[in-house]
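The values are calculated or read from the model by the stated rules, or taken from the named source; none is laboratory data. Bear in mind the structure is a predicted one, so any value in this text is a computation, not a measurement. Methodologically, a virtual Cβ is constructed for each residue, glycine included, from the backbone with ideal geometry; neighbour enumeration extends over all protein chains shown. Protein only, heavy atoms only, side chains kept; ligands, DNA and RNA dropped before computing areas. Shrake-Rupley method; radii C 1.70, N 1.55, O 1.52, S 1.80 Å.
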Amino acid sequence: MTTKEHGRIIKSLSGFYDVQTKDRIITCRARGHLRRGQSPLVGDLVEISVEKGKGMLESISPRRNSFVRPAVANLDLLVIFAANVNPITEPFLIDRVAAIAGDQGVEICICINKCDMDPGDTLARIYQDAGYTVIKTSAETGSGVEQLREQLAGNFAAFTGNSGVGKSSILNSLEPELRLQTGEVSEKLGRGRHTTRHVQIYKIGTDTFIADTPGFSSFDTDQMEVILKENLQYAFPEFGEFIGACQFRDCTHRKEPGCAVTQALEAGKIGKTRYDSYLKLYEKAAQIKQWELK
């Protein structure tokens with residue numbers, strides 16, 4: 001007898017999807033029309049059919065949001081991990097991911113990790129001044145872990161960031177029973193190995209769910225979504241109070257006279273690295289036509 005159940009995809013690997021239903025986990029394949037159309041993502045709410053213990057994905061509920069990298073859907077919160085040591089995180093990596101999440105209305109938390117090795121004060125200040133929640137952590141000492149736990153409580157969140165920055169180590173600190181594999185960072189190359197090779201959701205406490213995702217490098221940013229240039233200004237929260245105050249209504253905040261954003265930059269009210277990231281993202285967005293994003 002075939003039964004129908006509803007649940008959330010908690011793991012995706014090699015064409016198989018683990019779906020958490022109300023009282024069990026069912027491994028499923030996807031119907032052909034799903035593989036040819038909207039590919040299932042970890043975090044998707046789905047309907048499945050089950051026969052003799054084997055599952056089949058039948059349909060995917062409409063998504064509140066979705067991402068290419070990390071490949072997740074329906075997030076409440078995105079935690080972007082960074083560090084100022086071994087490996088050092090480029091601000092542009094943070095800015096691009098934060099802009100993509102902000103464009104979809106997802107809450108963002110910046111986690112400066114490995115603070116036992118380097119406090120990352122300058123990096124933290126950049127994002128505090130931009131209006132983001134910033135938490136400084138160390139898996140080695142446990143510093144900041146409880147503050148992060150409070151931020152995560154009751155949410156479906158994803159951990160993302162460059163390879164070797166310590167996402168899995170912090171997950172182990174939050175839930176020691178997970179015993180997730182962690183990797184060393186190459187001293188010569190200054191980057192980590194990919195110890196997390198797929199997206200998987202873990203339950204922390206009674207009502208918190210975290211998707212651990214593979215780390216990325218600066219080369220991977222080309223695989224990420226591009227925001228329409230008209231929308232990009234709204235993905236930088238520190239621009240908010242200045243948008244609409246420019247001399248020209250269609251100001252792009254680049255070279256126009258009377259631009260309130262560039263005036264704020266000159267006055268130190270907007271950080272230079274953040275504005276530089278805006279210019280780089282605008283240049284990428286200007287090369288994309290709206291129909292290409294469909």
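Packing order of peptides 41-49, 138-146, highest average first: 41-49, 138-146 (average count of other Cβ atoms within 10 Å over each peptide's residues).
Subtracting the Cα-Cα distance of residue 287 and residue 231 from 0.36 nm times their residue separation leaves 18.7 nm of extension gain. Projected over all directions and averaged, the alpha-carbon convex hull of segment 36-83 occupies 4.9 nm². A simple spin-label model places pseudo-atoms 7 Å from Cα toward Cβ; at residue 14 and residue 256 they are separated by 5.3 nm.
Quick check for you: with a 1.4 Å probe and neighbouring chains kept, what is the accessible area per residue of the chain, in Å²? Write down the numbers at each step before the final one.
Values: 15140 Å² over 294 residues.
Per-residue accessible area for the chain comes out at 52 Å².
Counting every Cα pair in segment 82-121, what percent are over 13 Å apart? When every Cα pair of segment 82-121 is considered, 54 percent fall beyond 13 Å. Are there any helices in the chain, counted as whole DSSP H runs, that stretch 15 Å or more along their axis by Cα and score at least -1.0 on average by Kyte-Doolittle, and if so which? What comes out of the filter, once short or polar helices are dropped, is 91-103. Comparing 20, 128, 38 in a Gaussian network model of the chain, where Cα atoms under 10 Å apart are tied by springs, the biggest mean-square fluctuation is seen for 38. Entry note: the chain has Rg to Rh equal to 1.00, where both radii use alpha-carbon atoms and Rh is the Kirkwood radius.
For the chain, a Gaussian network of Cα nodes joined below 10 Å ranks 198, 253, 33 by mean-square fluctuation, and the top entry is 33.
Start at zero, step by 5 Å, and the Cα-Cα distances of segment 70-142 spread as 3, 16, 29, 25, 16, 10, 2 percent across the bins.
Take the Cα of residue 179, step 7 Å toward its Cβ, do the same at residue 141, and the gap between the two points is 2.9 nm.
Candidate cross-link partners of residue 229 among the aspartates and glutamates, defined by an alpha-carbon separation under 18 Å and a same-chain spacing of 8 or more, comprise 95, 103, 238, 250, 256, 276, 283, 292. Net length available on complete extension from residue 90 to residue 29 is 18.1 nm, with 0.36 nm assigned per residue and the Cα-Cα distance removed. List the lysines whose Cα lies under 30 Å from the Cα of residue 167, skipping any in the same chain that are fewer than 8 positions away. Hits, sequence-local ones excluded: 11, 22, 114, 136, 188, 203, 272, 280, 284.
Working from the alpha-carbon coordinates of segment 236-285, get Rg over Rh, Rh being the Kirkwood radius. Provide the component values of the computation, followed by the final result.
Working: Rg = 10.1 Å, Rh = 10.9 Å.
With Rg and the Kirkwood Rh in hand, the quotient comes to 0.92.
Share of antiparallel DSSP beta bridges in the chain, in percent to the nearest 5? Taking every DSSP beta bridge within the chain, about 55 percent pair in antiparallel fashion.
If R₀ is 41 angstrom, what is the calculated FRET efficiency for the pair residue 150 and residue 47, using the beta carbon separation as r and rounding to 0.05? All intermediate terms of the calculation are to be shown ahead of the outcome.
Working: r = 34 Å, r/R0 = 0.83.
It comes to 0.75.
The residues neighbouring residue 155, those whose beta-carbon lies less than 13 Å from its own, together hold a net charge of -1 under the Lys/Arg +1, Asp/Glu -1 convention.
With Cβ to Cβ distances under 11 Å as the rule, what net charge do the other residues near residue 43 carry (K, R +1; D, E -1)? Summing Lys/Arg as +1 and Asp/Glu as -1 gives +2.
Roll a 1.4 angstrom probe over the protein heavy atoms and tell me the percent of accessible area of the chain that is carbon or sulfur. Working shown, then result.
Numbers: 7170 of 15140 Å².
Here it works out to 47 percent.
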